[in-house]
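Single-structure report; data block below.
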Amino acid sequence: MKGLNHMTQRAYIAEISNYHGKDVKIHGWVYNKTGKGKLLFIMIRDGTGIIQAVIFKNNLKPEIFEACQNLTQESAIIVTGTVSEDQRAKGGYELQANDVEIVHIAEEYPISPKEHGTDFLMDNRHLWLRSSKQHAVLKIRHEIIRAARNYFDNLGFTLIDAPIFTPNACEGTTSLFETDYFDTKAYLTQSGQLYMEAAAMAFGKVYCFGPTFRAEKSKTRRHLTEFWMIEPEVAFCDLNQDMDLAEGMVEYIVTKVLENRQDDLEILERDVSKLENIKRPFPRITYDEAVEFLKAADADFVQGDDFGATDETIISEHFDKPVMITHYPAAVKAFYMKKDPQRPERALCVDMIAPEGYGEIIGGGQREDDYDTLLHDIKKHDLPEHAFQWYLDIRKYGSVPHAGFGLGIERTVAWICGRPHIRETIPFPRTMYRLNP
RNA sequence: UCCGGUGUAGCUCAAUCGGCAGAGCGGGUGGCUGUUAACCACUAGGUUGUAGGUUCGAGUCCUACCACCGGAGCCA
């Protein structure tokens, strides 16, 4: 018996249907346990799925059965048994156990199968990751990141990593995290964009993917102090081509999630029909057209301002796809935005607003490529000219029209997963009031 | 930073007009061969966020502080 078990092949739960009728070993943790005297049901999760092991007293050594009765939630075990099909089991398959090796008996687990508050769960984030919904969200996050990178890789983009430590504010508008850097100060980056502009002139099509930091004291469901962005930048590219790239990427990401993470969307009870709708072309409207929606809705909005969260929701409710809004007043946008030659008070920029009230997921546009204009804008924004000398250099040596955008990963995950709060879309969220765990 | 809200058992919550500190889950013990957040019986578990104050008496009322939640601004 022992000898046979030793030969038994290790299997992962996700591929259990390939082992119908065969003996396998499952390495995992006790998700839940129930039973009826001489019969125990142990739900085992192994990171790829959950399966029920049927522990019948007569099929195991007495001391092993007794040990199984004392298993606690999240204890680590290796179960050997025969894979069988059974309608009564969740997932359709179960494991008829003939041996159980106990790797570790877990102490009383803080997260019970009942309801918990968010603060408690976030204090136990290192354990909460094991719960099925959190697991599903992070599997989808992985799929989104993989899809975004594949999209650019397939189009011949080069991944260029931007620095995390920066000497100055990239945009000069929002506050930055300051840190000691030997005998000077450094700041944690809030965007890799400026570096991507330099890289685009070297490689043509580039993107970066990394963490960004904002020291804003924002306390909303859409904000984190540390979040991840994917930022493409393309030389010889105008605003319209930039929007083509953006909608192509979002369509590709949604398609891949629907293709590969069907089970996880189901665990999250996501309305998949809303995602199946996300096909090119996406609607493209101007700032002025968006303002008309707000006027019609009698929104509390000041002409010339940027849109607030409720404004974005009102606008997005007119569409069942992400909507791209262009030509904002240049005054509310960053200094590097190129002005519309037809209307110099407007910027050649684009924001993409996700459907269902999930807000802005993309911000981007065409960059100012004229040296004198850019220098003027830097001075106008009271930015230190010397710190931007290298950035200005890009406009001195073969300057070309170029454009790019930044996609916020966590907001995209929140939208695709249908999660109400962004903090569940990153493994270990950093907010104004949370630095632990 | 501003506005609003919440803090009671390990967790989720109740406690009427200011009058004995409660339940479910989780834990422990026992029972059960088809459970799906099992069920049944028994059992342990409390500085009511902190510090003051009012009162014969405070979980409940007052003041300050702390923690967290939601929203605004800003943004992805």
Fill in: Residue, modelled with the highest pLDDT, within the stretch A:349-392, restricted to residues that are within 11 Å of RNA strand B (Cβ to nearest atom) and charged (D, E, K, R)
A:Asp351
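Do the conditions hold for A:Arg367, that is, is it buried (at least 20 other Cβ atoms within 10 Å of the Cβ) and in the same structural domain as A:Val254 (by TED's automatic domain parsing)? Break it down into steps so the answer makes sense when it comes.
Details: buried (at least 20 other Cβ atoms within 10 Å of the Cβ): yes; in the same structural domain as A:Val254 (by TED's automatic domain parsing): yes.
Taking the combined requirement at face value, the residue satisfies it.
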Worksheet entry | Residue in the stretch A:169-177 that is at pLDDT below 95 and not in a loop (DSSP other than H, G, I, E, B) present | no
Worksheet item: Since A:Phe177 meets every condition but one in (1) buried (at least 21 other Cβ atoms within 10 Å of the Cβ); (2) more than 21 Å from the chain's Cα centre (by Cα), which condition does it not meet?
Response: (1)
Worksheet entry | Whichever residue in the stretch A:299-312 is touching a Phe, Trp or Tyr at 6+ places or on another chain (Cβ under 9 Å) and more than 8 Å from RNA strand B (Cβ to nearest atom) and, among such residues, is modelled with the lowest pLDDT | A:Ala299
Worksheet item: What are the pairs, 6+ residues apart or on separate chains, where a residue within the stretch A:325-343 that is buried (at least 19 other Cβ atoms within 10 Å of the Cβ) has its Cβ under 8 Å from a residue that is modelled with pLDDT under 90 and polar (S, T, N, Q)?
Response: A:Ala334/A:Thr173
Worksheet item: Can you tell which of A:Glu216, A:Glu251, A:Glu178 is over 30 Å from A:His386 (Cα atoms) and of a type outside the set (Ser, Thr, Tyr)?
Response: A:Glu251
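If a residue counts only when it is surrounded by 17 or more Cβ atoms within 10 Å (Cβ to Cβ), which strands (runs of 3 or more DSSP E) contained entirely in the stretch A:188-287 have at least 2 such residues? Even if it seems obvious, please write down each step before you answer.
Numbers: elements: A:205-213, A:226-235, A:284-286.
Strands (runs of 3 or more DSSP E) meeting the threshold: A:205-213, A:226-235.
Of the residues A:Arg434, A:Arg395, A:Arg346, which single one is surrounded by fewer than 24 Cβ atoms within 10 Å (Cβ to Cβ) and either of a type in the set (A, V, I, L, M) or within 11 Å of RNA strand B (Cβ to nearest atom) (or both)?
Working: A:Arg395 fails: either of a type in the set (A, V, I, L, M) or within 11 Å of RNA strand B (Cβ to nearest atom) (or both); A:Arg346 fails: either of a type in the set (A, V, I, L, M) or within 11 Å of RNA strand B (Cβ to nearest atom) (or both).
Every option except A:Arg434 fails the conditions.
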Discussion item. Just the residues that are surrounded by 15 or more Cβ atoms within 10 Å (Cβ to Cβ) and either under 28 Å from A:Arg261 (Cα atoms) or not aromatic (Phe, Trp, Tyr) (or both), please, taken from the stretch A:49-65.
Written reply: A:Gly49, A:Ile50, A:Ile51, A:Gln52, A:Ala53, A:Val54, A:Ile55, A:Lys57, A:Asn59, A:Leu60, A:Ile64
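The values are calculated or read from the model by the stated rules, or taken from the named source; none is laboratory data. Fair warning: this is a prediction, and the values are worked out from it, not measured in the lab. All Cβ positions, even for glycine, are placed from backbone atoms using ideal geometry, and neighbour counts span all protein chains on display.
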